[in-house]
Structures are given as C-alpha cells and as structure tokens.
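The values are calculated or read from the model by the stated rules, or taken from the named source; none is laboratory data. Note that the structure is predicted; figures quoted are calculated from it, not measured. Here the Cβ positions follow ideal geometry from the backbone for every residue, glycine too, while neighbour counts run over all protein chains shown.
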Amino acid sequence: MNNLEAFHTMEPKPRLTVVGAGPGDPDLITVKATKALASADVVLYDALIAPELLDYCKPEAEKIYVGKRPGESHSQDAINFLIVEKAYMYGHVVRLKGGDPFIFGRGMEEIEYAQQFGLETAYVPGISSSVAAAGYAGIPLTTRGVSESFWVITGTKSDGSLSKDLALALQSSATIVVLMGMSKIEQIAELCIQQGKADLPIAVVQQGTTVHQKVGIGTAKNIKFVVEHNKLSNPAVIVLGEVVKFASITTLQSIAQKKFSV
C-alpha cells in the first residue's frame, strides 16, 4: 500500500474546494470564496494571491504557499499529492488560485486528481484578469459596433510555445486577450504584422486591478518599444484589438486605488 492509498482509511472526511481569488484587488474576491476560506482547514495558495485574502481563514487553519517565484517552484505532482495528503489529515482543503481556476489555472486537473482518491470536490469561480485587467485600463472587451466577441489565449503552452490559436484569432475582428504572454510580446507583434495588422492597437496591463497597475498602449509595430520604455513585465495581460482605443490610462487607472465602503 502506497502513501496515498493509506489515506483512504483515515478520518476526517476529505474534501477539496478549488477557489478563484480574482485578478489581484482583494476587494474583487467573491462572497462565496470568502466563505470557503473561512471553513478551510488547510489553504494551498499561489504567488499572485493578495495576502489580505488569507485573513478570511480561521486562525488555526494551515496556510501553505505552493506558487512559483524566482528560485522557488512547486511541481504540479507535488501540489496534487499535498492536496490529497492534507485533505485526509485535516478535512477541508481550499486550493486558492489567482483569477479563475478554470482559465489556464489547472483547476480541473487538480479536481480530477483529488476525485481519484475519493475527495469530495467543489469549484468557486473567480473574476478573471482577462476581463478585469482590461476593464480597469478602460478597455471593454466588447462594445457595440467595434467588437462582438473575444478570444482568451495562452501566451505560453506547456511546451513553452505560443498558442497557434493566435494566428486564427487575428483573422477575425474579435478582441484578443493573451495571458502569460510577456515573454512572447515580440513574437506576437511580428505575427500581427505578418497578417497585415501593423497598426492593430495593443495594450499591456501590468498588475491589473492592483495599486501597482501600469498600462502601456501602442500598436503591433511599436509595442515592443512601449514595453521596454515603460519597463512593463509579468504579471501582465496583453489586449489586442480596436477596443484598445477606448483605453483611458489617467482617468480609470485610479479605480485600482479606490476603496469602496459599505
């Protein structure tokens, strides 16, 4: 009997809730997500989580960082094992992920793994940075007469390459949002130019919805310069399309710094 098989004979009843923490602003977490955190015995959280969100946990809850930072990384296999181990040891495990766990967040992978070992599973959606970061920069992903659809594409596949879906998306008039694509910004721009879209508006929103939000606006032919000049880097969302022309760097950026009282 291996270690994971041995967990089946243990108490309490194990369960996993995969929770979306939202795009960065701690006020954008959902009420249901805070309730999940409040009931958690163990919380496994990622790098882009606002630290304040852990305050929703009960004092005795175990909080374990499993994110990726320079010089520090946790493999997916190790995280999967930890989910099952902690669930059988303590009960309710919350896997807290940035944005929405089902948008390039490996949420379903972790749920399927947990189910193999008898864990009850649940999912709590989160506000995705693909929508919120653009919105906080004054960019609507759709607006009547300009864009009637949008694509959300990964900039870095599991093999490290840029998704081929970008070339397909560029054949349409849809808004395109690229996540995890900053290392490919030059390649993205070149692909636009190759498809005759050198003047396509492009925005880069760094640390969107947070007090550290920075926005760079350009076109395919100059976005590399814009990124370098403004020292933009990860974490960032790249938005391509005519809707970028609505961006209001000065008037809407203040939303990220505003707190609302109730």
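Listed by first and then second residue, the pairs linking a residue in the stretch 127-149 that is farther than 25 Å from I29 by Cα to a residue that is at pLDDT 95 or above and crowded, with 22+ Cβ neighbours inside 10 Å, with Cβ atoms under 7 Å apart and 6 or more places separating them unless they lie on different chains, are T143/V243; V146/V243; S147/T175; S147/G241; S147/V243.
Only a single item in (1) out of contact with any Ser or Thr (no Cβ under 9 Å at 6 or more places or on another chain); (2) in contact (Cβ under 8 Å) with a residue 24 or more places away in the chain; (3) assigned by TED's automatic domain parsing to the domain that holds L53 is not met by A167, and it is number (3).
Summed over the stretch 100-110, residues that are surrounded by fewer than 21 Cβ atoms within 10 Å (Cβ to Cβ) and either over 28 Å from V152 (Cα atoms) or in contact with a Leu (Cβ under 9 Å, 6 or more places away or on another chain) (or both) total 2.
Filter the stretch 100-147 down to the residues that are in contact with a strand residue (DSSP E or B) (Cβ under 8 Å, 6 or more places away or on another chain) and part of a strand (DSSP E or B), then identify the one that is farthest from T34 (Cα to Cα). My answer is S147. Examine the stretch 171-182 for a residue that is in the same structural domain as D25 (by TED's automatic domain parsing), assigned to a helix (DSSP H, G or I) and at pLDDT 95 or above, and state whether such a residue exists. Looking through the stretch 171-182, none of the residues is in the same structural domain as D25 (by TED's automatic domain parsing), assigned to a helix (DSSP H, G or I) and at pLDDT 95 or above. For the stretch 72-112, the set of residues classified as within 21 Å of the chain's Cα centre (by Cα) and more than 25 Å from V131 (Cβ to Cβ) consists of E72, S73, H74, S75, Q76, D77, A78, I79, N80, I83, V93, E112, listed by residue number. Of the strands (runs of 3 or more DSSP E) that lie entirely inside the stretch 23-99, those containing 3 or more residues that are at pLDDT 95 or above, surrounded by 22 or more Cβ atoms within 10 Å (Cβ to Cβ) and in contact with a strand residue (DSSP E or B) (Cβ under 9 Å, 6 or more places away or on another chain) span 42-45, 92-97.
Determine whether I223 is in contact (Cβ under 8 Å) with a residue 40 or more places away in the chain and hydrophobic (A, V, I, L, M, F, W, C). No: the conditions fail for I223. Checking the structure you have, find out if any residue of the stretch 104-125 is of a type in the set (G, A, S) and at pLDDT below 95. The answer is yes; a qualifying residue exists. Residues of the stretch 172-208 that are hydroxyl-bearing (S, T, Y) and either surrounded by 23 or more Cβ atoms within 10 Å (Cβ to Cβ) or over 25 Å from the mean Cα position of the chain (by Cα) (or both): T175 alone.
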